Amino acid sequence: MNFLSTIREIVFLGPGGSYTEMAKDKFYRHYELYDAIQTPMKTIRGVVDYVSQTPNTIGVLPLENSIEGTIRETVDCIIKSKNDIKILAQVIVPVKHCLLSRTTELYMISGIIAHPKALEQCRSFIENEMPRNLNIIEATSTEDAARQLQNYNLTYAAIGSEKTADAFYLNILKDNINDEENNQSRFVLIGNFDTPQTDRDVSIVAFATENKPGSLVKLLEVFSEFDVNITHVDSRPSVNFDEYIVLADFEGHIKDEKISAMIEKLKSVTKFYKHIGSFEHID
């Protein structure tokens, strides 16, 4: 039985036409959430708070980008969330920026409207394949860039995804214009549900160590003691710099006997511990 069969609403970090919405669509199809209302929200905190306060609701958020690293606001909001909000599944979405316009002629373009991050990720294309006197206008989001095209003539284009082109009825003048061909982002599904075990589970835990030599190494040795494979580690100092907050991804499910025993050992040697989720990766 689908463990998300009772879901009434799925919220996601908007705006429309974003890569987060593309991830939402993948979760939507995989779990057959055809009766769920789909609602975009403006902030990461807004998504987490809404899911925490609303029964039978799940959310979709970006967790990590292959170039820019972990989205710390997502992690922090989940750690601080109420009602035991956890990660339920993850999906990888390739970041493939496209040049979009109401016209079909690339040679006509004399201006680009885009979010600053999109402009930075497409710097080589803009410098080498666009006119030198190109007029660049920064937008607050990909959706904002697409909407602003309506206020300019046909010589203007926006940077967005294929989803953006579909949502705003725009032509793709050129695809894959981002500098890094392998740029991709990891998105997660969050909610207050117990996930079933699968044959490809990943778990994430957060814990705190003292800010002194060897503290992190000793904690990571616990994983080695139980022969658990760590796939990713991210750490940073706390607000007061008196301890380090560590985020560890590893293979296995919290319900596995070996993993459960390791967690108990980990809890005994950490100042803070929280299970962020045990979940499957969706293709």
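Between E127 and N171, full extension at 0.36 nm per residue minus the direct alpha carbon distance yields a gain of 13.7 nm. Classify the chain from the C-alpha gyration tensor, please: rounded if a/c falls under 1.5, else prolate or oblate depending on whether a/b exceeds b/c. Verdict is prolate for the chain. Please say if region 102-174 is rounded, prolate or oblate, where rounded means a/c under 1.5 for a ≥ b ≥ c the square roots of the C-alpha gyration tensor eigenvalues, and otherwise the choice is prolate for a/b larger than b/c and oblate otherwise? The shape class here is rounded. The packing ranking of peptides 166-178, 84-96, highest mean first, is 84-96, 166-178, where packing means the average number of other beta carbon atoms within 10 angstrom of each residue. Each of F279, F125, F187 was scored by other Cβ atoms within 10 Å of its Cβ. Arranged with the fewest first, they read F125, F279, F187.
Distance between the 7 Å Cα→Cβ label points at E221 and T6: 4.4 nm. Helix-only arithmetic for the chain: the sum of -39500 (n - 2.57) across DSSP H runs with n ≥ 4, divided by the residue total, places the mean residue ellipticity at 222 nm at -8000 deg cm²/dmol.
Given the C-alpha centroids of region 182-237 and region 69-147, what is the distance between them in whole angstrom? One Cα centre to the other: 28 Å.
Where a number appears in this text, it was derived from the coordinates with a stated rule and is not lab data. Source: prediction; values computed, not measured. Here the Cβ is made from the backbone with ideal geometry for all residues, glycine too, and neighbour counts use every protein chain on show.
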